[in-house]
Every structure is written in structure tokens, then in C-alpha cells.
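The values are calculated or read from the model by the stated rules, or taken from the named source; none is laboratory data. What you are looking at is a predicted structure, and each value in this text was computed from that prediction instead of being measured. When we count neighbours, we look across all protein chains shown, and the Cβ atoms used for this are built from the backbone with ideal geometry, even at glycine.
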Amino acid sequence: MDAAPFLAWAAHHGVDPDDFVPLELAPAGTHTMTVAEAAAALAIGEEQTRRLLRAGTLFGVPLGGRAGWRVSRSAVEELLRERASQTHARQGGKEREEMNVPLGVMGSS
């Protein structure tokens, strides 16, 4: 690949070429996973995973017939993050209840 167009662009926009980090795309086929892979990552059953897909709680693409679904890896990661934050919030609430401290008194969790 010829670097001249990039260097010209960098000079025009005042970008130091040494500070530029090129975008590295993930390898093809790594953006999605099967229902079985998603279920394992979420620690739930495959049918529950399909229910989440049909309900729109989890993003995926139906392939039709026996091919099933392809589930977005980023959607699985997002659902895991949401679950972790909900668990953290519930645990914070239990600590307040156990200590009999009003809601606004303890630091944010």
C-alpha cells in the first residue's frame, strides 16, 4: 500500500503520522456466535437464549430453518455488563438494608 495519500491527508489535517493508530478490524466471522456459544457465555440454556432473541432482549439475526440464529458478540457482552451492574446494585441495596442505613447516606455503588 502506498503511504503517500495518507501522508498528504495527515499533513492537510495537521495530524502527526506517528500518532496515528490504524484501525484493526476483527477477523471475519468473529462478530457473531451461535446460540450454543451465546448460551454458554450467558450461563443459560439454549432455549432461554432463543427466547431472549425472539423478545429482542438479545440482538441476533435469524438465518431461517435449521440454520438457527447468529448472535451478536457485542450484544452478549452488553447483556453481561447489564447483568453485572444489576447484581452490583442489588448487593449495594442489601448492604444498606442490613445496616439499616437510609438510601442517600451510603456512598454510591
How many residues does the stretch 21-42 contain that are more than 14 Å from GLU77 (Cβ to Cβ) and either exposed (fewer than 11 other Cβ atoms within 10 Å of the Cβ) or touching a residue at least 40 places away in the same chain (Cβ under 8 Å) (or both)?
-> 8
Select from the stretch 2-35 the residues that are assigned to a helix (DSSP H, G or I) and aromatic (Phe, Trp, Tyr) and list them in ascending order.
-> PHE6, TRP9
Would you be able to say whether some residue in the stretch 54-61 is out of contact with any Gly (no Cβ under 6 Å at 6 or more places or on another chain) and part of a helix (DSSP H, G or I)?
-> yes
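Hey, does the stretch 64-81 have a residue that's among the small types (Gly, Ala, Ser), at negative phi and in a strand (DSSP E or B)?
Applying the first criterion (among the small types (Gly, Ala, Ser)) to the stretch 64-81 yields 64-65, 67-68, 72, 74-75.
Applying the additional criterion that residues be at negative phi yields 67, 72, 74-75.
After this cut, where a residue has to be in a strand (DSSP E or B) as well, the list is 72.
Yes, some residue in the stretch 64-81 is among the small types (Gly, Ala, Ser), at negative phi and in a strand (DSSP E or B).
Scanning for something of a type in the set (Ser, Thr, Tyr) and modelled with pLDDT under 85, does the stretch 84-101 turn up at least one residue?
Residues of the stretch 84-101 that are of a type in the set (Ser, Thr, Tyr), as a first pass: 85, 87.
Keeping just the survivors that are modelled with pLDDT under 85 gives 87.
Yes: the stretch 84-101 contains one or more residues that are of a type in the set (Ser, Thr, Tyr) and modelled with pLDDT under 85.
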